[in-house]
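The values are calculated or read from the model by the stated rules, or taken from the named source; none is laboratory data. None of these values were measured; they are calculated from a predicted model. Side chains are part of the model used for accessible areas, which takes the heavy atoms of the whole protein and leaves out ligands, DNA and RNA. Shrake-Rupley method; radii C 1.70, N 1.55, O 1.52, S 1.80 Å.
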Amino acid sequence: MNAVLTVMGIDKTGIIAKTSTLLYENNVNILDINQTIMQNLFTMVMLVDLSGSALEFGRLAEELAKLGEELGVEIRIQHEDIFNSMHRV
C-alpha cells in the first residue's frame with residue numbers, strides 16, 4: 001500500500017535526514033519525493049510504500065507526528081487512495 005507524506009514548517013537542518021531515517025527504521029520505502037524551500041518555509045511531499053513495514057498505519061502516523069513536534073514542523077501521512085479521492089476534480 002502506498003501513502004502520501006507531507007512535511008511543512010520553518011526550514012532547519014535535519015528535517016529530511018530525520019524523516020527519512022524514521023521511515024528507513026520502519027522499513028518504509030520512499031518511491032518519490034518533492035521538496036522545496038520558499039523563503040524560509042520548508043515543504044516536502046513523499047510517496048511512500050508501506051507494504052514492507054510491520055508498523056500499523058496509525059502508529060506510524062503517531063511516530064511521524066511526534067517527530068514533527070520535535071523538529072517544529074507538521075508531518076502528516078494519508079493513504080494514497082484517500083489523498084487521491086480528496087484531490088479529484
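Filter region 1-35 for residues that are among the hydroxyl-bearing types (Ser, Thr, Tyr) and open to solvent by 80 Å² or more (accessible area, probe 1.4 Å); which is farthest from PHE57 (Cα to Cα)? Don't jump to the end; show me each part of the working.
Within region 1-35, the first condition is being among the hydroxyl-bearing types (Ser, Thr, Tyr), and the residues that meet it are 6, 13, 19-21, 24.
So of that shortlist, the ones also open to solvent by 80 Å² or more (accessible area, probe 1.4 Å) come out as 13, 24.
Values: THR13: 27, TYR24: 15 Å.
Restricting to residues being among the hydroxyl-bearing types (Ser, Thr, Tyr) and open to solvent by 80 Å² or more (accessible area, probe 1.4 Å), the top hit is THR13.
Among (1) at negative phi; (2) open to solvent by 60 Å² or more (accessible area, probe 1.4 Å); (3) not in a strand (DSSP E or B), which single condition is GLY58 missing?
Tallying (1) at negative phi; (2) open to solvent by 60 Å² or more (accessible area, probe 1.4 Å); (3) not in a strand (DSSP E or B), GLY58 fails exactly one: (2).
I'm checking my understanding of the structure. Among residues of region 36-55 that are more than 11 Å from the chain's Cα centre (by Cα) and over 14 Å from ALA3 (Cα atoms), which one is most open to solvent (accessible area, probe 1.4 Å)?
GLN39
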